[in-house]
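**Q** Please see the structure below; I have some questions.
The values are calculated or read from the model by the stated rules, or taken from the named source; none is laboratory data. Every value quoted in this text rests on a predicted model; they were computed, and no experiment measured them. With ideal geometry, Cβ positions are generated from the backbone for all residues, glycine too; neighbour counts draw on all protein chains shown.
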C-alpha cells in the first residue's frame, strides 16, 4: 500500500514532470514559432479542486517588461536554496534551456534581447483570459489574491486604489490578503474592505489598542468545492507598521503570530476542514520557516518577496507556491482531496506572455475605462533610455541608480537613498520613458523626497539596520525588501556578519574620501516612514531630471562590494 | 533614553544618541534573576513567553506570559537600563497563571520570563525582540 507520504512524493515528481516537459516544449516550440496560448494553458486537470493564485500585482493593469534579479542572496539555512538562485544556476536547477521563453520569464540574463523576442508580460486582461480558461476546466476553481494589489501606478494613486478594486472585482476573487493596501490609510482601506464582494483575510491583523483580532478582517473562510471543505487562512504582511508608515494605519497591528496561526489551523481542522490553504504575504523564507513550525497546513500560496518558482517547495507536508509579481504569472494548483486529507497536488506556473495570450475583451474595456480620464498624462513621453532600466537585485538596479542620480542633482545632495522595494517594471534600451513608466517605479502614498543632513555615523546606522532586515539569518527577522539603494556613496558589505559589523569602507564617490562618522553630509531620499516628511514628490523629481537628460544612460554600478555571498 | 531611531529616519534628529549594537544584558538583570531564583537552576520549558519578533513600536511592546502551575512569573527586559518589568504573583485560587502587559524596550534585546513553580523549581523562556528603523518591504 502506498502511504500518504509516498503518494505526495510521487505526485510531486509528477508535477515536476509536467513543469519540466512544459518548459522543454516551450523552448522547442518557440524556436519553431509555434508557441500558442493553448500550450501555455495546457494542464491535465487533476483531483477535485483547483486553486488559482495571483499576488503582488502592484497596480499593473497593462503588459510590462519585468526583469528578474541577478543578485538574490540567501543567508543561514537558505543560502543557495531556492528562491536564492538566479540566472544559469536557476535554469540548471529547473532544466530550462538558455534563450527559451522560460529563461526569459524566470531569469535575468540577456534580458533586453529576449524581451524583444518574446515581448511584454502581464496585463490584467490576459490574466482574465487565463483565469477564465481555468474556470472553463473547473468552474468552481478558487481565485486567491495574495495582496499588494491596490498600489503601484499613476491611476492607482489618483483613484486611491479604485481602479484595481474595479478590475479585481470583475475578476471575482474568492479571498484576498494585504500589504501595501494599508498605505492608502486605514480610513480608505476600511471603506474598500467593507464593500468588498469577497473575503478579506488575515489571522495576523489585530486591533492595535486591544491586541485582539481586528473585526473587519476574518482569520479564515471555508469553501465547499469538489466535495471537500477547504479552509483558506489569510496571513497579511507581518511587518507593515515597520516597513511602511505606522501613522497611516495606527489602529492596526500585525506580526507573524505563528502561535495564532497554529490555533487557527487547529480550529479549522476541528470544524472539519479537509484541506488547509494559507494565503500568505509573509515572503518566501518566512513561509518556509512558518511551514516548519505550524503543523497541518497543506498549501501556502506565498507572496511578498516576488519570487517566481516553477515547482512547489515542500517543507514537511506543506507545499509552498511562489507566483511572482506585477501580473507576470498566474499559478494553477490542482489538489486531490479525499477522506479528509490531501492526497496529491499538481502545479503549473503560467507566464503571462502578453503577445500569446488573447486579451479578454470585457476586461480590456474595463481597464481602458479606468485609464481613460488620465490617458494624456499617462502617455506623455518624458525622455528615452539607452539603458535597460530594472529594479530587482539585493543592492541596486538601474532604475534606482537613475532615481538616486535625480535626487543628487535635483536636490543638490552628496548622497541619495532609494528604498529597497521590489515592485516596478523594466524598460528596455530604445524605449520611451513615459510619465506612467516613472510612476510605475515610484508611486506611493508617501512619496515626498526629503533633503536633510546626516552624520557619517548615522548613515552607517541606517545601512546596518536595513542590512539586518535582509540578511538576519533568522527569516522571522527579515522584512522581505532589498537593501536601501545608495547614490553618491560606495560601501563594502559582509552579509554574514552580525548587525553593526556588516558595513565598512563607506566612501563618498565624488571625492573618493572615506565617510567621516563625525562629519555631516547632505542626504536626499524618499519614502520615509516618518510622519510630516517634507519635499517634492519623487515622481516629479525624477521627471524633471529625465527631461533635462533627454536620453538616459545609466552606467554600471560597481560601488557596492559584496562579501560572503 | 527615548527611543527615537524610527522617528529620525529621514530627518536625522538626535542621530548622535543612536547605537546600532544590540543592547547587552546588564549586571542589574543578572542580580534580579539571582534574587528571584536564589541561584537555582532554571529549566527550559514550562513557561511560555509570547512577544513579537520585531517591535512595531519600541515604546509599547505587547507581551504575554503563561506558566500553568506557577506561583509567580518575573519578566525582565535584559537590555533596559532598569531591566525589571513586572513580577506576577498567582494565589492558590487563581484560575490561570497567565498575564499580558506592554513593555518599553530601549533597543533590540532579549526579554526573559522566569516562572517559580509550586514545587519551588524554576523555568525560563527567552525571546529576542528587535527594535528597528524599518525599511521597505516588497
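**Q** Residues that are in contact with a strand residue (DSSP E or B) (Cβ under 8 Å, 6 or more places away or on another chain) and in the same structural domain as residue A:230 (by TED's automatic domain parsing): which helices (runs of 4 or more DSSP H) entirely in region A:81-148 hold 1 or more of them? Let's see the steps before the verdict.
**A** Numbers: elements: A:87-94, A:101-106, A:111-118, A:124-137.
Helices (runs of 4 or more DSSP H) meeting the threshold: A:101-106, A:111-118, A:124-137.
**Q** Looking at (1) assigned to a loop (DSSP other than H, G, I, E, B); (2) farther than 24 Å from residue B:52 by Cα; (3) free of Cβ contacts under 8 Å to residues at least 12 places away in the same chain, which one does residue A:273 not meet, given that it meets all the others?
**A** Failed condition: (3).
**Q** Before we move on, is residue A:234 away from chain B (no Cβ under 13 Å), touching a residue at least 12 places away in the same chain (Cβ under 8 Å) and either part of a helix (DSSP H, G or I) or buried (at least 21 other Cβ atoms within 10 Å of the Cβ) (or both)?
**A** Details: away from chain B (no Cβ under 13 Å): yes; touching a residue at least 12 places away in the same chain (Cβ under 8 Å): yes; either part of a helix (DSSP H, G or I) or buried (at least 21 other Cβ atoms within 10 Å of the Cβ) (or both): yes.
Spelling it out, residue A:234 is indeed away from chain B (no Cβ under 13 Å), touching a residue at least 12 places away in the same chain (Cβ under 8 Å) and either part of a helix (DSSP H, G or I) or buried (at least 21 other Cβ atoms within 10 Å of the Cβ) (or both).
**Q** Within region A:436-451, which residues are more than 13 Å from every other protein chain (Cβ to nearest Cβ) and out of contact with any helix residue (DSSP H, G or I) (no Cβ under 6 Å at 6 or more places or on another chain)?
**A** Within region A:436-451, A:437, A:440 qualify.
**Q** Of all residues being more than 18 Å from residue B:129 (Cβ to Cβ) and surrounded by 12 or more Cβ atoms within 10 Å (Cβ to Cβ) in region B:19-30, which is modelled with the highest pLDDT? Just the residue, please. Reasoning before the result, please.
**A** The first filter runs over region B:19-30 and keeps only residues more than 18 Å from residue B:129 (Cβ to Cβ), leaving B:27-28, B:30.
With the extra rule that they be surrounded by 12 or more Cβ atoms within 10 Å (Cβ to Cβ), the set shrinks to B:28, B:30.
Numbers: B:28: 86, B:30: 90.
Among them, the one singled out is B:30.
**Q** Same structure again: Every residue in region A:163-185 that is within 24 Å of residue A:256 (Cα to Cα) and in contact with a helix residue (DSSP H, G or I) (Cβ under 7 Å, 6 or more places away or on another chain), please.
**A** Scanning region A:163-185 gives A:179, A:181, A:182, A:183, A:185.
Results for (1) out of contact with any strand residue (DSSP E or B) (no Cβ under 8 Å at 6 or more places or on another chain); (2) farther than 23 Å from residue A:539 by Cβ, shown as yes or no for each residue.
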residue: A:416; (1), (2): no, no
residue: A:428; (1), (2): no, no
residue: A:438; (1), (2): no, no
residue: A:445; (1), (2): yes, no
residue: A:449; (1), (2): no, no
residue: A:475; (1), (2): yes, yes
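**Q** Now for a separate question. How many of the residues in region A:496-508 are within 27 Å of the chain's Cα centre (by Cα) and either surrounded by 20 or more Cβ atoms within 10 Å (Cβ to Cβ) or assigned to a strand (DSSP E or B) (or both)?
**A** 3
One line per residue, one yes/no per condition, for (1) crowded, with 17+ Cβ neighbours inside 10 Å; (2) closer than 17 Å to residue A:394 by Cα; (3) in contact with a strand residue (DSSP E or B) (Cβ under 8 Å, 6 or more places away or on another chain):
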position: A:489; (1), (2), (3): yes, yes, yes
position: A:533; (1), (2), (3): yes, no, yes
position: A:542; (1), (2), (3): yes, no, no
position: A:549; (1), (2), (3): yes, no, yes
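**Q** When you go through A:496, A:558 one by one, which is the residue that is more than 14 Å from chain B (Cβ to nearest Cβ) and within 23 Å of residue A:412 (Cα to Cα)? Reasoning before the result, please.
**A** Working: A:496 fails: within 23 Å of residue A:412 (Cα to Cα).
The match here is A:558.
**Q** Considering only residues of region A:421-435 that are in contact with a helix residue (DSSP H, G or I) (Cβ under 7 Å, 6 or more places away or on another chain) and either within 25 Å of residue A:529 (Cα to Cα) or surrounded by fewer than 24 Cβ atoms within 10 Å (Cβ to Cβ) (or both), which is farthest from the other protein chains (Cβ to nearest Cβ)?
**A** Step one: filter region A:421-435 for residues in contact with a helix residue (DSSP H, G or I) (Cβ under 7 Å, 6 or more places away or on another chain), giving A:424-425, A:427-429, A:433-435.
Filter again for either within 25 Å of residue A:529 (Cα to Cα) or surrounded by fewer than 24 Cβ atoms within 10 Å (Cβ to Cβ) (or both), leaving A:424-425, A:428-429, A:433-435.
Numbers: A:424: 11, A:425: 14, A:428: 23, A:429: 26, A:433: 23, A:434: 24, A:435: 23 Å.
The qualifying residue farthest from the other protein chains (Cβ to nearest Cβ) is A:429.
**Q** A further question follows. Does residue A:264 count as touching a helix residue (DSSP H, G or I) at 6+ places or on another chain (Cβ under 7 Å) and either without any contact (Cβ under 8 Å) to a residue 40 or more places away in the chain or assigned by TED's automatic domain parsing to the domain that holds residue A:200 (or both)?
**A** Numbers: touching a helix residue (DSSP H, G or I) at 6+ places or on another chain (Cβ under 7 Å): no; either without any contact (Cβ under 8 Å) to a residue 40 or more places away in the chain or assigned by TED's automatic domain parsing to the domain that holds residue A:200 (or both): yes.
Answer is no for this residue.
**Q** Which condition does residue A:104 not pass, out of (1) within 17 Å of residue A:306 (Cα to Cα); (2) modelled with pLDDT under 95, if it passes all the others?
**A** Going through (1) within 17 Å of residue A:306 (Cα to Cα); (2) modelled with pLDDT under 95 one by one, residue A:104 breaks only (2).
**Q** Okay, moving on. So, in region A:314-338, of the ones that are touching a residue at least 40 places away in the same chain (Cβ under 8 Å) and over 22 Å from the mean Cα position of the chain (by Cα), which residue ends up farthest from residue A:120 (Cα to Cα)?
**A** Checked region A:314-338; the qualifying residue farthest from residue A:120 (Cα to Cα) is A:338.
**Q** Got at least one residue in region A:339-348 being out of contact with any strand residue (DSSP E or B) (no Cβ under 7 Å at 6 or more places or on another chain), surrounded by fewer than 22 Cβ atoms within 10 Å (Cβ to Cβ) and closer than 19 Å to residue A:475 by Cβ? Before you say what the answer is, go through the steps one by one.
**A** Filtering region A:339-348 for residues out of contact with any strand residue (DSSP E or B) (no Cβ under 7 Å at 6 or more places or on another chain) gives A:339-341.
Remaining after also requiring surrounded by fewer than 22 Cβ atoms within 10 Å (Cβ to Cβ): A:339-341.
Filter once more, keeping what is closer than 19 Å to residue A:475 by Cβ: none.
Taking every residue of region A:339-348 in turn, none turns out to be out of contact with any strand residue (DSSP E or B) (no Cβ under 7 Å at 6 or more places or on another chain), surrounded by fewer than 22 Cβ atoms within 10 Å (Cβ to Cβ) and closer than 19 Å to residue A:475 by Cβ.
**Q** If I filter region B:43-56 down to residues being assigned to a loop (DSSP other than H, G, I, E, B) and buried (at least 20 other Cβ atoms within 10 Å of the Cβ), which single residue comes out as farthest from the other protein chains (Cβ to nearest Cβ)? Reasoning before the result, please.
**A** Filtering region B:43-56 down to residues assigned to a loop (DSSP other than H, G, I, E, B) leaves B:45-47, B:51-53, B:55-56.
Narrowing the set further to residues that are buried (at least 20 other Cβ atoms within 10 Å of the Cβ) leaves B:47, B:51-53, B:55-56.
Numbers: B:47: 14, B:51: 9, B:52: 5, B:53: 5, B:55: 8, B:56: 4 Å.
Looking at the filtered set, the residue picked out is B:47.
**Q** Identify all residues within region A:324-341 that are at negative phi and touching a helix residue (DSSP H, G or I) at 6+ places or on another chain (Cβ under 8 Å); write none if there are none. Walk me through how you get there before you give the answer.
**A** Within region A:324-341, the first condition is being at negative phi, and the residues that meet it are A:325, A:328-338, A:341.
Once the filter is applied, which keeps residues that are at negative phi and touching a helix residue (DSSP H, G or I) at 6+ places or on another chain (Cβ under 8 Å), region A:324-341 yields A:328, A:329, A:330, A:332, A:336, A:341.
**Q** In addition: Consider residue A:511 against the criteria (1) free of Cβ contacts under 8 Å to residues at least 12 places away in the same chain; (2) away from every other protein chain (no Cβ under 14 Å); (3) under 24 Å from residue A:532 (Cα atoms): it satisfies all of them except one. Which criterion is unmet?
**A** In the conditions (1) free of Cβ contacts under 8 Å to residues at least 12 places away in the same chain; (2) away from every other protein chain (no Cβ under 14 Å); (3) under 24 Å from residue A:532 (Cα atoms), residue A:511 misses (3) alone.
**Q** For the structure I just gave you, tell me whether residue B:71 is out of contact with any helix residue (DSSP H, G or I) (no Cβ under 6 Å at 6 or more places or on another chain) and either at pLDDT below 95 or within 13 Å of chain A (Cβ to nearest Cβ) (or both). Break it down stepwise before answering.
**A** Numbers: out of contact with any helix residue (DSSP H, G or I) (no Cβ under 6 Å at 6 or more places or on another chain): yes; either at pLDDT below 95 or within 13 Å of chain A (Cβ to nearest Cβ) (or both): no.
Considered against the rule, which asks whether it is out of contact with any helix residue (DSSP H, G or I) (no Cβ under 6 Å at 6 or more places or on another chain) and either at pLDDT below 95 or within 13 Å of chain A (Cβ to nearest Cβ) (or both), residue B:71 comes out as no.
**Q** How many residues are at the interface with chain B (Cβ under 9 Å from one of its Cβ atoms), more than 18 Å from the chain's Cα centre (by Cα), surrounded by fewer than 24 Cβ atoms within 10 Å (Cβ to Cβ) and closer than 20 Å to residue A:400 by Cα when one looks only at region A:460-479?
**A** 2
**Q** Go through region A:517-543 and report how many residues are away from every other protein chain (no Cβ under 14 Å) and either under 29 Å from residue A:455 (Cβ atoms) or not in a helix (DSSP H, G or I) (or both). Before the answer, list the steps.
**A** Going through region A:517-543, the residues away from every other protein chain (no Cβ under 14 Å) turn out to be A:536-537, A:539-543.
Now restrict to residues that are either under 29 Å from residue A:455 (Cβ atoms) or not in a helix (DSSP H, G or I) (or both): A:536-537, A:540-542.
The number of residues fulfilling the criteria is 5.
**Q** Can you pull out every residue in region B:100-133 that is more than 14 Å from chain A (Cβ to nearest Cβ) and either without any contact (Cβ under 8 Å) to a residue 40 or more places away in the chain or not in a strand (DSSP E or B) (or both)?
**A** B:104, B:106, B:118, B:119, B:120, B:121
**Q** In region A:202-231, what residues are out of contact with any helix residue (DSSP H, G or I) (no Cβ under 8 Å at 6 or more places or on another chain), surrounded by fewer than 18 Cβ atoms within 10 Å (Cβ to Cβ) and assigned to a loop (DSSP other than H, G, I, E, B)?
**A** Listed by number, the residues that qualify are A:209, A:210, A:211, A:215, A:227.
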